[in-house]
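The values are calculated or read from the model by the stated rules, or taken from the named source; none is laboratory data. Given the structure is predicted, the values throughout are model-derived calculations rather than measurements. Here the Cβ positions follow ideal geometry from the backbone for every residue, glycine too, while neighbour counts run over all protein chains shown. These area figures cover heavy atoms from the full protein model, side chains too; ligands, DNA and RNA do not enter into them. Shrake-Rupley method; radii C 1.70, N 1.55, O 1.52, S 1.80 Å.
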Amino acid sequence: MEFVRDLLVFLHLLGMGTLVGTFLIALRAKAAEVNKGWLHGGALQLITGIALMALAPATGAEYDHIKLGTKLLVLVVIGALAMVFTARRANPGWLTPALGGLVVLNVGLAVFW
Ligand code: HEM
């Protein structure tokens with residue numbers, strides 16, 4: 001089970017990398033539409049994060065559920081913003097810094113809380 005947890009953490013960190021990479025691309029590209037990387041990276045974080053949490057009894061990990069709930073809430077805001085503006089085919093100037101800021105907030109919550 002330790003390997004499963006390691007694998008999920010590995011994918012969770014790659015998902016974080018996807019989100020940070022998307023932020024850097026979106027900053028430079030200033031595209032008219034929202035980059036799909038926000039949704040792909042966000043989905044990976046959601047799946048791997050919830051799997052880590054759900055498997056905690058089996059992997060022996062102990063997590064702070066308030067911390068994980070807060071991270072989940074931040075990720076829901078990221079996903080909602082990305083989905084709404086993808087559907088509207090709009091990419092306002094504040095969106096990329098807002099999404100990037102929320103990703104950095106979740107990295108901070110993961111590490112410092
Ligand atoms: C933008 C979204 C997210 C980012 C950037 C992110 C980032 C991270 C990072 C950097 C770590 C490693 C921290 C460390 O080992 O010190 C981590 C661990 C973890 N994250 Fe996330 N996370 C996100 C969303 C979520 C969500 C939504 C959940 C679940 C509800 C979640 C559950 C976890 C768990 C359980 C761990 C601990 C893994 C372990 O070491 O056993 N994460 N996250």
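Things worth noting here:
- Once the Cα atoms are used to define both axes, helix 95-112 deviates from the longest principal axis of the chain by about 20 degrees.
- Heavy-atom accessible surface of region 2-112: percent carbon and sulfur, 1.4 Å: 73
- The trypsin sites (Lys or Arg not before Pro) found in region 43-102 that occupy coil by DSSP, while having at most 13 further C-beta atoms within 10 Å, are Arg88, Arg89.
- Computed from Cα atoms, the angle from the helix 37-54 axis to the main principal axis of the chain rounds to 20 degrees.
- For the chain, the longest principal axis of the Cα atoms and the long axis of helix 2-29 meet at an angle of about 10 degrees.
- Hull-based mean projected area of region 2-112, where the convex hull spans the alpha carbons, in square nanometres: 6.6
- Using only Cα coordinates, the Kirkwood hydrodynamic radius of region 23-67 works out to 12.8 Å.
- For the chain, size of Cβ-based charge dipole, Lys and Arg +1, Asp and Glu -1, in debye: 520
- Computed with a 1.4 Å probe on the full set of protein chains, the accessible area for Met83 sits at about 120 Å².
- Percent of Cα-Cα distances greater than 12 Å, calculated over region 1-43: 61
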